1. Just how large is the dipole of the stretch 12-75 about the Cα centre, in debye to the nearest 20, putting +1 at every Lys and Arg Cβ and -1 at every Asp and Glu Cβ?
2. Which residues' amide hydrogens lie under 5 Å from the amide hydrogen of residue 40, considering only partners 5 or more residues apart or on another chain, with H built in the peptide plane?
3. What are the lysines whose alpha-carbon lies under 17 Å from the alpha-carbon of residue 37, with same-chain residues fewer than 8 places away excluded?
4. Over the stretch 12-75, what is the percentage of antiparallel beta bridges among all DSSP beta bridges, to the nearest 5?
5. Using modelled amide H (1.01 Å from N, peptide plane; none on Pro or chain starts), what sits under 5 Å from the amide H of residue 71, excluding residues fewer than 5 places away?
6. Projected onto the charge dipole of the stretch 12-75 (+1 at Lys/Arg Cβ, -1 at Asp/Glu Cβ, origin at the Cα centre), which of 50, 68, 17 gives the Cα projection farthest towards the positive end?
Amino acid sequence: MSDGALLISNRQRVVWTKDERRLLDRVAKVFNAHGDKFQLVCGSPFCPEPSIVLEKDSSDPGGRVLRCGCRDRVFTRSA
């Protein structure tokens with residue numbers, strides 16, 4: 001494989017709604033307000049890397065994605 005070859009992701013892409021994103025933001029704010037950390041973990045028993053982290057979405061400039069080893073959870077754009 002050459003250095004310039006594209007890496008194709010085999011992650012499933014799941015779309016979350018605006019309301020789901022708002023709910024997630026509210027829950028995270030409550031935890032932060034109490035000095036606690038909020039950690040997300042993939043529910044799939046076959047996920048190679050179950051910790052879910054917030055990363056830049058390479059398919060959407062300025063977008064963010066919640067990523068684990070098997071899925072990318074993307075958010076619908078705000079209107």
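1. Numbers: 12 positive and 9 negative charges, 29 e Å.
Approximately 140 debye in magnitude.
2. 52
3. Within reach: 29.
4. On the way: 9 of 14 bridges.
For the stretch 12-75, the DSSP antiparallel bridge percentage is about 65.
5. Sorted by chain and number, the residues that satisfy this are 12.
6. 17
Quick note: the coordinates plus some simple rules give every number you see, no bench work behind them. Quick caveat, the model's predicted, so the values are computed rather than measured. As a convention, Cβ positions derive from the backbone with ideal geometry for all residues, glycine included, and neighbour counts pool all protein chains shown.
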